[in-house]
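Worksheet for the structure shown next.
The values are calculated or read from the model by the stated rules, or taken from the named source; none is laboratory data. Computed from a predicted model, the values in this text were never measured in an experiment. Heads up, the Cβs are rebuilt from the backbone with ideal geometry, glycines too, and the neighbour counts pull from every protein chain shown. Accessible surface is based on the protein model in full, side chains and every heavy atom, while ligands, DNA and RNA are left aside. Shrake-Rupley method; radii C 1.70, N 1.55, O 1.52, S 1.80 Å.
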Amino acid sequence: MTPIQPLFLLLLGLIGAQANLDLRTAAAMAAGLCKARPTDLVFIIDSSRSVRPSEFEQVKVFLAKVIEGLNVGPSATRVGVVNYASRVKNEVSLKTHRTKAGLIKAVTKIEPLSTGTMTGLAIQFAMNVAFSEAEGARAKSSDVGKVAIIVTDGRPQDNVKDIAQRARDAGIEIFAIGVGRVDMNTLRQMASDPLDDHVDYVESYSVIEKLTKKFQEAFCDLVSDLCATGDHDCEQVCISTPGSYKCACREGFTLMDNGRSCSACSNSATDVVFLIDGSKSVRPENFELVKKWINQIIDKLDVSESKAHVGLVQYSSTVKPEFPLGRYNNKKDLKEAVKKMDYLERGTMTGQALRYLVENSFSLGQGARPGVTKVGIVFTDGRSQDYIGEAAKKAKENGFKMYAVGVGNAVEDELKEIASEPTGEHYFYTADFKAMSQIAKKLQINVCDPCECDSLVKFQKKVEAALQALTKKHILYDSMSKRIALLENKIV
């Protein structure tokens, strides 16, 4: 029997199997918490007529969430996607994308084929083409795993038993996920042994979307040192506690009220403006998630009259300033104002919105303060319908610290053009609006650049106080010495 490898155990957890201690340990490895075995992974997804468009979207979200937990790279995990119905389409080759962001973006663009269900043909295609060296698969080796995950909701119109056996004999480990009215016997014919570990059934596609979360919850029950795994949101120092953690700051920094962020100086101040895409492609239900995401970031800021000020601008085909900097000086009022923002819909004129940010949002007339760090946070879910280059460049030339956040069909090159250097720390992308909360945790706004010397000033003051105390002691010592000398003379 082929040994179950760490990545395979992750996938098993993701499809809802019962996890024992060894399984969850291996899942932690595959989730990127420790180094995993190199693997070539190919998803084989059924997009036949029985899979409704909304259900196919849920399959893509599931794929994206699995990819988020992998250690993706040319020498780590390579991912491919095969789409099938009556015909087979190689959507993503193992050699195509070397980053998670690129993979997830490619997954979001896959369209259903909406014809029959030729599952056997799809397995044969995967074995002969998707897992070939020409398509990016690595040469057969005990050091590299080969894994196929089949997702289907119906009875195949061709034979799967023989071709699945040949695939397994070629060293491909097969997981079979069945949905709804799927034929369970077919799943067993396709899957690797042991069947209990490689076959799973869910009643509907809506359950698939939740499998990754279930895996994460099971994993969190296992890991006690969340600081060691990086599964925390402390900005600087994480201190482990039984089953949890607490945050602290390095010397010279102060822990803020949110219990996570650190301030480098007592008189820090920053002006933060959100530039939010409210175009038609966002959709009302996702716009509500965007507003929650904004408030997550506000929770991380030290909002007050003398510290962080926040402004909000929404854009689509036009630009609408929701409220200027300084109007609200506490988190409660700010978050209420964000919740009341109405959805604009229409187009995506990101360049026009950036020009507004540069020319208006950080002006004195809009509440900006001179000599204070300026931070712009741009959110978009699609390609801009106008040119962004000049305005993006101008924002950075003006000294604004720019963050770019993209979801769904957002263009990575545009996000990088907007973001400040180093771009890896200032731009973020996710395929799913529901994953935006993870970006809020990662996005760290360093607001103390103008006054990083404050801790040094405090140190100097402490030194001066200590010197003054020593001087007083020295003077007292001299006075006492003179008095003792006088007494000695009188005695003599």
Compute the distance in nm between two label points, each set 7 Å from the Cα along the Cα-to-Cβ direction, one at Arg166 and one at Val237. 6.3 nm
Inter-probe distance in nm under a simple model that places probes 7 Å from Cα toward Cβ, at Ser54 and Lys320: 2.6 nm
Using only the heavy atoms of the protein chains and a 1.4 Å probe, how would Glu133, Glu173, Glu288 rank by accessible area, largest first? Glu133, Glu288, Glu173
What accessible area, in Å² to the nearest ten, does a 1.4 Å probe give for Asp40? 0 Å²
Roughly how many Å² of Arg383 are accessible to a 1.4 Å probe, to the nearest 10? 150 Å²
So what's the net charge close to Asp271: Lys and Arg +1, Asp and Glu -1, counting the other residues with Cβ under 9 Å from its Cβ? +2
Mind checking the full-extension length gain between Arg369 and Glu412? Use 0.36 nm per residue of separation minus the Cα-Cα distance, one decimal, nm. 12.3 nm
Taking square-rooted eigenvalues a ≥ b ≥ c of the alpha carbon gyration tensor, is the range 34-222 rounded, prolate or oblate, where a/c under 1.5 means rounded and, failing that, a/b exceeding b/c means prolate? rounded
Listed here are the pairs Lys109/Lys292; Lys280/Lys340; Lys65/Lys89; Lys109/Lys374; Lys95/Lys441; Lys109/Lys434; which of them are more than 24 Å apart at the Cα? Lys109/Lys292; Lys109/Lys374; Lys95/Lys441
Could you pull the accessible area for Glu425 with a 1.4 Å probe, rounded to 10 Å²? 120 Å²
Return the sequence-ordered ³J(HN,Hα) values of the range 98-106 in whole Hz as given by the Karplus equation 6.51 cos²θ - 1.76 cosθ + 1.60 applied to θ = phi - 60°, using x for Gly and Pro. 10, 10, 4, 4, x, 4, 5, 5, 5
